[in-house]
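The structure under discussion appears below in the form of structure tokens.
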Ligand SMILES: Cc1ncc(COP(=O)(O)O)c(C=O)c1O
């Protein structure tokens, strides 16, 4: 038998990769499963995006390797998007690197900046990939707890008291997944100051800014942020393009160059047509966002009703593609979702997927039709 690398001993198969097989098996056996599990948008991308990709097929360059840095027009479109949406100035030549989804950026950034034994601050609850990638590169994840009392913001006082001597990098994600907490007025300023004080690279993973959020914010809008910060963004949720795999990382030319060094050794550019489609998406008018959010508003109202029927509580001010709901006192997340899956054929994500701080919570996705959500309410009631 060929032994696997030591690094694989440190990580497990992604929760959804395993659980969705179980859910699929139930569906295949004839169970009428409704999934409110993952955040994979079911709505269509903008029509002009689809036109751009189909028109691209006959372009003489369409099927060739593409630039490692992406088309200049794509970087221009990303810069304009950041200027318009967040009032952030970025040099499209040197401060933006298009990615095949922001998830791969988590690996590239980690490869570019972490040595074995370096410590990484990771939110709990938070997106599980920060921890698994940290382990894959041989670094050490150090969780910082977020809780409802502190509006899911980092507790800087507690962080300052902890041993930060080995910490090289910190992942933050505002608006926050899974809780939907929006960045407070001061949190980004505090993060930049914290990063500068301790020489820690702060990365804001920002794919949810445009879903049910009337005040999108970027960490890079803080003065001097580029010295110690990077930001990831993505077209997956904003433009219903999760399967297309388009994201971007932004920051100082120096930091971006280090990431490019990793990335250019791992892939050979993004498919031409996808880049053309992404350019169109980034140029969408304001009506795109308002129409998209109308649909999510309607679904959210229904999910609130479902959560009420399950005796859960939730924050009506939260943003993003999910409803983060607290179970009745003493009820465990995984036992609860397994029961609902078996008895009601509804798949909901247990909060523990996102860390120990997720115990006692469940996460509903808004990526299901209103009809499907109404059906779940009927089953529960
Ligand atoms: C917090 C967070 N970051 C990153 C991603 C990955 O997004 P992308 O599709 O751009 O790779 C997700 C997707 O679910 C996410 O929830």
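Among the residues of segment 65-77, is there at least one that is farther than 19 Å from residue 284 by Cα, in contact (Cβ under 8 Å) with a residue 12 or more places away in the chain and in contact with a strand residue (DSSP E or B) (Cβ under 6 Å, 6 or more places away or on another chain)? Let's see the steps before the verdict.
The first filter runs over segment 65-77 and keeps only residues farther than 19 Å from residue 284 by Cα, leaving 65-70.
Applying the additional criterion that residues be in contact (Cβ under 8 Å) with a residue 12 or more places away in the chain yields 65-70.
Keeping just the survivors that are in contact with a strand residue (DSSP E or B) (Cβ under 6 Å, 6 or more places away or on another chain) gives 70.
For segment 65-77, residues farther than 19 Å from residue 284 by Cα, in contact (Cβ under 8 Å) with a residue 12 or more places away in the chain and in contact with a strand residue (DSSP E or B) (Cβ under 6 Å, 6 or more places away or on another chain): present.
Answer yes or no as to whether residue 153 is at pLDDT 95 or above, more than 24 Å from residue 15 (Cα to Cα) and away from the ligand (no atom under 14 Å from the Cβ). Answer is yes for this residue. Number of residues in segment 326-381 that are free of Cβ contacts under 8 Å to residues at least 24 places away in the same chain, outside any helix (DSSP H, G or I) and under 20 Å from residue 29 (Cα atoms) equals 0.
Out of the residues in segment 113-128 that are crowded, with 20+ Cβ neighbours inside 10 Å and either closer than 15 Å to residue 200 by Cβ or without any contact (Cβ under 8 Å) to a residue 40 or more places away in the chain (or both), which is farthest from the ligand (Cβ to nearest atom)? Please lay out each step first, then the result.
From segment 113-128, those crowded, with 20+ Cβ neighbours inside 10 Å are 113-114, 119-123, 125-127; that's our starting set.
From the residues that got through so far, the ones that are either closer than 15 Å to residue 200 by Cβ or without any contact (Cβ under 8 Å) to a residue 40 or more places away in the chain (or both) too are 113-114, 119-123.
Numbers: 113: 18, 114: 18, 119: 21, 120: 15, 121: 15, 122: 12, 123: 10 Å.
Among residues in segment 113-128 that are crowded, with 20+ Cβ neighbours inside 10 Å and either closer than 15 Å to residue 200 by Cβ or without any contact (Cβ under 8 Å) to a residue 40 or more places away in the chain (or both), the one farthest from the ligand (Cβ to nearest atom) is 119.
Just one of the listed residues (16, 81) is modelled with pLDDT of 95 or more and in a helix (DSSP H, G or I), and it is 81. The set of residues in segment 24-76 being in a loop (DSSP other than H, G, I, E, B), under 24 Å from residue 291 (Cβ atoms), more than 16 Å from the ligand (Cβ to nearest atom) and touching a helix residue (DSSP H, G or I) at 6+ places or on another chain (Cβ under 7 Å) consists of 46 alone. The residue pairs whose first member lies in segment 152-177 and is within 30 Å of residue 325 (Cβ to Cβ), whose second member is more than 16 Å from the ligand (Cβ to nearest atom) and in a loop (DSSP other than H, G, I, E, B), and whose beta carbons are closer than 6 Å, counting only pairs six or more residues apart or on different chains, are 153/184; 170/200. Only one entry of 189, 160 meets the criterion of being assigned to a helix (DSSP H, G or I), within 22 Å of residue 214 (Cα to Cα) and more than 16 Å from the ligand (Cβ to nearest atom), and that entry is 189. For segment 163-177, a residue qualifies if it is within 15 Å of the ligand (Cβ to nearest atom) and not in a strand (DSSP E or B), and the qualifying residues are 173, 174, 175, 176, 177.
Quick check on residue 107: is it touching a helix residue (DSSP H, G or I) at 6+ places or on another chain (Cβ under 7 Å), within 14 Å of the ligand (Cβ to nearest atom) and more than 27 Å from residue 215 (Cα to Cα)?
Numbers: touching a helix residue (DSSP H, G or I) at 6+ places or on another chain (Cβ under 7 Å): yes; within 14 Å of the ligand (Cβ to nearest atom): yes; more than 27 Å from residue 215 (Cα to Cα): yes.
Against the criterion (touching a helix residue (DSSP H, G or I) at 6+ places or on another chain (Cβ under 7 Å), within 14 Å of the ligand (Cβ to nearest atom) and more than 27 Å from residue 215 (Cα to Cα)), residue 107 qualifies.
In segment 126-153, how many are under 18 Å from residue 315 (Cα atoms) and in a loop (DSSP other than H, G, I, E, B)? Before you say what the answer is, go through the steps one by one.
First, pick out the residues of segment 126-153 that are under 18 Å from residue 315 (Cα atoms): 126, 146-153.
Narrowing the set further to residues that are in a loop (DSSP other than H, G, I, E, B) leaves 126, 146-147, 151-153.
Number satisfying all stated conditions: 6.
Taken over segment 84-112, the criterion of being part of a helix (DSSP H, G or I) and without any contact (Cβ under 8 Å) to a residue 24 or more places away in the chain is satisfied by 84 alone.
If you filter segment 308-323 down to residues that are outside any strand (DSSP E or B) and within 23 Å of the chain's Cα centre (by Cα), you find that the one that is surrounded by the fewest Cβ atoms within 10 Å (Cβ to Cβ) is 316. Out of 344, 381, 332, 326, one residue alone is surrounded by fewer than 16 Cβ atoms within 10 Å (Cβ to Cβ) and at pLDDT 95 or above. It is 332.
The values are calculated or read from the model by the stated rules, or taken from the named source; none is laboratory data. Just so you know, these numbers come straight off a predicted model, no measurement behind them. Don't worry about glycine lacking a Cβ; one is built from the backbone with ideal geometry, like all the others, and counts go over all protein chains shown.
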